[in-house]
Amino acid sequence: LPSGVKFYGFGTVPNGTSRQAFFTDGQEVYVVAEGEVFLQRYRILRIGNASVEFEEISSGRTASAPLEEQAGGSP
C-alpha cells in the first residue's frame, strides 16, 4: 500500500456477503470491499482478521498489510 496508508479495521454490511476493509491515510477514511479496486491501483483480494491481501494491478504483484491498531486516546 502507499506510504502512510494504514489498514485499521474491517466489518460486514448487514445482509452483505463480503467483508469491507477500513483504511486511513490520516486525513481520509476509505471503505473497500473484497474484490474492489482501492486508489485506482490496488485490488483487495482477501480481508482477514489480522491482515489484508491485495494485488497491485499494474504489476500483478500481490502483498499483504497488517491490521494496525489505532492508538489509544488516553494520555
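The values are calculated or read from the model by the stated rules, or taken from the named source; none is laboratory data. The structure displayed is predicted, hence computed values, not measured ones. Positions of Cβ are generated from backbone atoms using ideal geometry, with glycine treated the same way; all protein chains shown enter the neighbour counts. Heavy atoms of the whole protein, side chains included, go into the accessibility calculation; ligands, DNA and RNA do not. Shrake-Rupley method; radii C 1.70, N 1.55, O 1.52, S 1.80 Å.
On inspection, Ser64 does not qualify as among the small types (Gly, Ala, Ser), open to solvent by 50 Å² or more (accessible area, probe 1.4 Å) and outside any strand (DSSP E or B).
Okay, residues lined up against (1) surrounded by fewer than 16 Cβ atoms within 10 Å (Cβ to Cβ); (2) part of a loop (DSSP other than H, G, I, E, B); (3) touching a residue at least 60 places away in the same chain (Cβ under 8 Å):
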residue	(1), (2), (3)
Phe10	no, no, no
Pro14	yes, yes, no
Ala21	no, no, no
Gln27	yes, yes, no
Tyr30	yes, no, no
Arg43	no, no, no
Asn49	yes, yes, no
Val52	no, no, no
Ser58	yes, yes, no
